[in-house]
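For reference, the structure is listed below as structure tokens.
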Amino acid sequence: MTKNYYITTPIYYPSAKPHMGHAYSSIVVDFFARFKKIEGYKVFFLTGTDEHGLKIQRAAEKNKKEPLEFCDEISKTFKELSKTLNLSNNDFIRTTEKRHHKSVQNLWNVLEKKGEIYLSKYSGWYSVSDEAFYLDNEIETREGIKVAKSSGSVVEWLEEESYFFKLSNWQNKLLELYEKNPKFILPKSRKNEVVSFVKSGLKDLSVSRKSFSWGIQVPSNKEHVIYVWLDALTNYLSALNYPDTDNDMYKNFWPADVHMIGKDILRFHAVYWPAFLLAADLPAPKRVYGHGWILSGEEKMSKSKGNILDPIEIINEYGLDSLRYYLLKEVSFGNDGNISKDKLISCINSDLANNFGNLCQRVLTFTAKNLGLEVPEKDSLTNDDLVILNSFSENYKNLIDFINDQNINSYMNFIVDQMFIANKYFNDQEPWKKKDDVKRLKTIIYTSLELIRKISTLLYPVIPQSSLKALSIFKIKEDEIDIETIKNNSFLKPGLAINKIDILFNKIITND
């Protein structure tokens, strides 16, 4: 039976050009998508842009453009970023697309038909920046201005006619969902936050606006537009051709395996979204993972603070795979992290150039000089050989579990350890001193080549371009990568001609 896996980024709000936080979310999702693909899953990886709401309308007006024209331009930069980041996404959805409008209006009709939506009047605090409603106890005054405690965004008091979703009806069902699925929300700290919020009591949610027009109209009342989050969240279904629940895309991929999001939009995904779905008799996603922010100094990046860190600048200076490796290794996944150029350079020099790159070059150079650039016939493997080779098969289940639990750091730690151990093995075995013992020399080189292959396979989800370059040593192509082969100590066939490759990572020379 085909194994299916559906993973999503948040769909990004294109009120300004992409920053490092967007790049981080996308790289993380790409990492999981690529791993699942080489694990044998049929993967559907979705990203896109959320293009409605008052914030977009005001940004367009400020730029003296029509909202759709403004969205076309900004959304294009997010699409281009997907290519720049070498993402393996299957689809890029925009909430201004017809397929999405159809899905949103259908979901609204279902909820309205089931009596989950009613017309009343809204009065309360609203943040245009966050497109979020806040309770009195979630507001504070800073320098005479009312702001949301969680985000620091300015809030304004709104009073207008609005449709409401009966969120209060779903409090107990949501708590039951969290209890039955202990890993529905990860990391655990985020789960505790959500459970505490839901237990404190849920109020019905305003799900339409009348004071602006940029959005999807309520089907039964054209004076209202659908609340941007009910609109945006439905993208995860739109890409699967909902409301046609009999089509293969929907049947194969819903419910989603993981919605990967920033912690600031946790409530929308872990409270509102499953409530909408349950109310519509649709399955909730299997997991919502709220990762931390990539900070600029000690603050979250935002256009208003003028502290945007441009991923393109980092990529142009240090390379894409270097940035991917740094973000996946150095950021404690689930927590906030930041980019330090000193740490990035250290990471490139230590792990990528000295460890991985150096291992490939040393082994290949020695093989070319002594064995004519082909995989040698190995003799009986010694305990030294088996210990290091078997560490991959012995940890195979752990590696799968790390991925299934979104435990990136343990996965990365294993790779770093193996790179260090492989280099130490080559040094300690001293094949250059074994020229009088050709069988042992060949076995050391065979083992070293297998270690390069295994490590390169594990690095594929992390640094795909560099990994493929390393795997080209053995003529292994992208569609031939299979994670299970790391358990095989005799994968490489003796006599296979191997390719020399250029230096994978150059050391960065600093003036310090």
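The values are calculated or read from the model by the stated rules, or taken from the named source; none is laboratory data. These numbers come from a predicted model, not from an experiment. Reconstructed Cβ throughout: ideal geometry from the backbone, glycine too, with neighbour counts over all protein chains shown.
Miscellaneous remarks
- Residue check, Phe491 farther than 25 Å from Val258 by Cβ, among the aromatic types (Phe, Trp, Tyr) and surrounded by 15 or more Cβ atoms within 10 Å (Cβ to Cβ): yes
- Of the numbered criteria (1) on the phi > 0 side of the Ramachandran plot; (2) in contact (Cβ under 8 Å) with a residue 12 or more places away in the chain, the one Asp482 fails is (1).
- For region 59-70, the criterion of being polar (S, T, N, Q), surrounded by fewer than 19 Cβ atoms within 10 Å (Cβ to Cβ) and out of contact with any Phe, Trp or Tyr (no Cβ under 8 Å at 6 or more places or on another chain) is met by none of the residues.
- Annotation: of all residues in region 193-228 being touching a Gly at 6+ places or on another chain (Cβ under 9 Å) and assigned to a loop (DSSP other than H, G, I, E, B), the one that is surrounded by the fewest Cβ atoms within 10 Å (Cβ to Cβ) is Phe212.
- Any hit, region 46-58, residues being surrounded by fewer than 21 Cβ atoms within 10 Å (Cβ to Cβ), more than 24 Å from the chain's Cα centre (by Cα), farther than 17 Å from Val228 by Cβ and among the basic types (Lys, Arg): no
- Filtered by the rule that a residue be within 30 Å of Ser332 (Cα to Cα) and crowded, with 16+ Cβ neighbours inside 10 Å, region 360-399 gives Cys360, Ile388, Leu389, Ser391, Phe392, Asn395, Leu399.
- Hey, Arg190 touching a Gly at 6+ places or on another chain (Cβ under 8 Å) and assigned to a helix (DSSP H, G or I) or not: yes
- In region 432-456, the residue that is surrounded by the most Cβ atoms within 10 Å (Cβ to Cβ) out of those that are part of a loop (DSSP other than H, G, I, E, B) and without any contact (Cβ under 8 Å) to a residue 60 or more places away in the chain is Lys434.
- Meets criteria (over 21 Å from Ser393 (Cα atoms), in contact (Cβ under 8 Å) with a residue 24 or more places away in the chain, surrounded by fewer than 22 Cβ atoms within 10 Å (Cβ to Cβ) and touching a strand residue (DSSP E or B) at 6+ places or on another chain (Cβ under 8 Å)) for Ile503: no
- Among the residues of region 457-505, those identified as closer than 19 Å to Val28 by Cα and part of a loop (DSSP other than H, G, I, E, B) are Tyr460, Pro461, Val462, Ile463.
- Among the criteria (1) surrounded by 19 or more Cβ atoms within 10 Å (Cβ to Cβ); (2) part of a helix (DSSP H, G or I), the one Gly334 does not fulfil is (2).
- Filter result for Val110 (more than 16 Å from Lys203 (Cα to Cα) and touching a strand residue (DSSP E or B) at 6+ places or on another chain (Cβ under 7 Å)): no
- Some residue of region 305-326 being modelled with pLDDT under 95, out of contact with any helix residue (DSSP H, G or I) (no Cβ under 6 Å at 6 or more places or on another chain), small (Gly, Ala, Ser) and farther than 30 Å from Ile476 by Cα: yes
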